[in-house]
Amino acid sequence: NDIRGCSRGSLIVLEGLDRSGKTSQCGNLLAYLQGKGFSVEAWQFPDRSTSVGKMISAYLANESQLDDRTIHLLFSANRALMENKLKSGTTLIVDRYSYSGVAFSAAKGLNIEWCKAPEVGLIAPDVVVYLDVPPEKAAERGGYGLEKYEQLDFQGKVAEHYHNLLDSSWEIVDGSQSIESVERQLKDLAMHSILTCQRGKPLTNLWS
Ligand code: Z5A
């Protein structure tokens, strides 16, 4: 059956600690699905190209100081609307989403329900792939340590909060495996999700 171009697209989210491999895998998955002829786009949050994204980027680079609640709300405001894209049949591969918002801010000590509140009602992902890598292992990968949250003890707290957010849409993939092995699993999960959406799975809303 040729399922390309029919019905709605799938919202595929990749989550994980810093350097867990999200960006590399989003790029690989995008190329794979495009090669198969699907309408697909890769997005990432924070989207540093927007005016809000530029404020976030300066904060992460320690070039500006913002109160914890303010930066949390800026991350929330940075999440773009996806509904029309998905309804037009485009699959979105998204590098970080609301779960990052909650896990990182809760790891600073903010109340979890308060952190979730601005995200309630956004489109819920069809699948969340969590690339599970121990913080110590992620820290060994290139470039670690340059941005604000890239500290081992903090990343450990973030991992705990991620695990508290797990629900039935999550698939945990061992991100310590080779890039190729992770990639194979992601392709299978993405194809399964796309097929399920094509067969009429309804869009739902996050945490509502
Ligand atoms: N944040 C937040 O607080 N609230 C929010 O709402 C959102 C985000 C959305 C910036 O995010 C920060 O914003 C982030 C959370 C917070 N915390 N910090 N700091 P970001 O997404 O821009 O930054 P990031 O998570 O640090 O992304 P990253 O550094 O690009 O990591 P990644 O995308 O997961 O990994 P990668 O770039 O694909 O790979 C990193 C390196 O590892 C690279 O050299 C790869 O070649 C290598 N790699 C990848 N996979 C493997 C495997 N399997 N084996 C060996 N080596 C690998």
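Any residue that is β-branched (V, I, T), more than 8 Å from the ligand (Cβ to nearest atom), assigned to a helix (DSSP H, G or I) and touching a helix residue (DSSP H, G or I) at 6+ places or on another chain (Cβ under 9 Å) - is there at least one of those in region 46-54?
Scanning region 46-54 turns up at least one residue that is β-branched (V, I, T), more than 8 Å from the ligand (Cβ to nearest atom), assigned to a helix (DSSP H, G or I) and touching a helix residue (DSSP H, G or I) at 6+ places or on another chain (Cβ under 9 Å).
Going by what's in this entry, would Q65 be described as surrounded by fewer than 19 Cβ atoms within 10 Å (Cβ to Cβ), on the phi < 0 side of the Ramachandran plot and either within 17 Å of the chain's Cα centre (by Cα) or among the aromatic types (F, W, Y) (or both)?
Taking the combined requirement at face value, the residue does not satisfy it.
Which of the residues spanning region 65-100 are modelled with pLDDT under 95 and of a type in the set (A, V, I, L, M)?
A80, L81, M82
Taking the stated definitions as given, is L73 surrounded by fewer than 20 Cβ atoms within 10 Å (Cβ to Cβ), in contact with a Phe, Trp or Tyr (Cβ under 9 Å, 6 or more places away or on another chain) and either under 24 Å from Y130 (Cβ atoms) or hydrophobic (A, V, I, L, M, F, W, C) (or both)?
No: the conditions fail for L73.
For region 130-161, enumerate the residues that are part of a helix (DSSP H, G or I), within 11 Å of the ligand (Cβ to nearest atom) and either β-branched (V, I, T) or in contact (Cβ under 8 Å) with a residue 60 or more places away in the chain (or both).
A138, A139, Q155, V158, listed by residue number.
Out of the residues in region 18-45 that are more than 11 Å from the ligand (Cβ to nearest atom) and part of a loop (DSSP other than H, G, I, E, B), which is surrounded by the most Cβ atoms within 10 Å (Cβ to Cβ)?
The extreme case among them is F38.
The values are calculated or read from the model by the stated rules, or taken from the named source; none is laboratory data. In this text, all values refer to a predicted model and were calculated from it rather than measured experimentally. Positions of Cβ are generated from backbone atoms using ideal geometry, with glycine treated the same way; all protein chains shown enter the neighbour counts.
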